[in-house]
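The values are calculated or read from the model by the stated rules, or taken from the named source; none is laboratory data. Since the model is a prediction, treat every value here as computed from it, not as a measurement. Heads up, the Cβs are rebuilt from the backbone with ideal geometry, glycines too, and the neighbour counts pull from every protein chain shown.
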């Protein structure tokens, strides 16, 4: 195995041999700050496909697929059922370690870029947001939990597929626009960008950015977590003082 | 203008929050109720997670009851002795409530508990008050005076041991039912994010014949102390108090409460109870519809970040 790898590497560096493209990425920001005025954000990825004399000649144009994966968390799905004349949650399903943000961007519909088999191999597509269930589990999903998760996460803006999210500025220069919703979870976001040509994957590159609370909001969130007693006392004091102040200010009798 | 709330983790419009606080404050000043039974559902409705809505309401109720209690205190319409007995029971209930709240939250039943409890509570209390106040108004119209109890005429629960006299409220009763009432209110209040004024006020009027003029101030005093403790415990144990959300609601609330308190003085006892009953019924029906009506979407989803 190692020998094969060495041979492959040798083939890459040996002059005169055809090479694959290089992919260079740059992000508009490395950190998305959640402040008091945060209502969502946009991160732009700039990509350049580098070729030189030794790069294989391509007949078709390049296709770009960007897959963005946010921090993981737990998603609980509830399904209501009828009990007599009231509706209550009759079953729930818990999905742990699911990306709380997942987005696929391309310049045209994914199906026209790469076929089903290729998408499976590269793990591209919204269905990879949830780990593929075993066939037995799929059988037992009589209520369509899986589809409901995909649908509801999509409605919340936490799961998006945008076939206009990538713009080709030049045949080898592109931008991908990542839109973060107002409820974007804090943490590390990984951007995975693949270049394809006529359905064949050529190269993949990764980049990442962080979403975090800064300034006052970070201060409050930290205080609430780490200094809960002080935080609670402060909240109570503030409430009582404001209530008292209002009484004094508006006092007429 | 959007304001990002650090604990609720979503942006909401600042003026919407101020307006909500103001409206709730007005009602709270008008009826001497904390207004939590309206605020918590409203917060949930605009997207605040249920635990944060409940815990933050407690802070808001504490603030608006300071204002109200001070006003009644100055008018000498507050029975401190009665309030203290209620509060002692209330504190025990609050502690039990916070632990029950977090247990239900862990098991994933919190939302259901909140909805069911709201429906049962609001509908039964609302109906009782509605029927009673209509009856009182009819009696008044036909010229018959409301039946008054003679002094010393006691119901069984008032004859339990540990009797205490409450001269301000013109009554004497055992402290056991009073502390028990406080305990129940404290527990329900902490779990549902309500002060419980809409339960204390009628309970004191119907079961203990406390004069209406004193009831409101006394109930505000009890609510104030229990909600201060509830806010603290929710901040420490549930970690769901959003100080920024509380601040905006309180600023709106204290202003609204001033106007409410003044308007309240002009209302007669029966009108007062009828209006409060209607308000409680409307909220109750709103919750009941949620349970009875076929949901537009049978599925609902809840995503949480993992602890880091």
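Structure notes:
- Output for region A:159-182, where each listed residue is in contact with a helix residue (DSSP H, G or I) (Cβ under 9 Å, 6 or more places away or on another chain) and either assigned to a strand (DSSP E or B) or within 14 Å of chain B (Cβ to nearest Cβ) (or both): A:159, A:160, A:161
- Boolean, residue B:27 is over 25 Å from residue B:283 (Cβ atoms) and in contact (Cβ under 8 Å) with a residue 40 or more places away in the chain: no
- Strands (runs of 3 or more DSSP E) lying entirely in region A:71-116 (those with 2 or more residues that are at the interface with chain B (Cβ under 7 Å from one of its Cβ atoms) and in contact (Cβ under 8 Å) with a residue 12 or more places away in the chain): A:72-83
Residue-by-condition table, conditions (1) out of contact with any helix residue (DSSP H, G or I) (no Cβ under 8 Å at 6 or more places or on another chain); (2) closer than 23 Å to residue B:105 by Cα; (3) within 13 Å of another protein chain (Cβ to nearest Cβ):
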residue	(1), (2), (3)
B:260	no, no, yes
B:275	no, no, no
B:279	no, no, no
B:290	no, yes, yes
B:302	yes, yes, yes
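- Residues of region B:90-99 that turn out to be closer than 26 Å to residue A:76 by Cβ and touching a helix residue (DSSP H, G or I) at 6+ places or on another chain (Cβ under 6 Å), as a count: 2
- Matching entry among B:47, B:29 (being crowded, with 24+ Cβ neighbours inside 10 Å and either within 14 Å of chain A (Cβ to nearest Cβ) or in contact with a strand residue (DSSP E or B) (Cβ under 6 Å, 6 or more places away or on another chain) (or both)): B:29
- Residues (at pLDDT 85 or above and not in a strand (DSSP E or B)) located in region A:183-197: A:184, A:185, A:186
- Scan region A:221-232 for residues that are assigned to a helix (DSSP H, G or I) and either in contact (Cβ under 8 Å) with a residue 24 or more places away in the chain or more than 7 Å from chain B (Cβ to nearest Cβ) (or both) and the total you get is 4.
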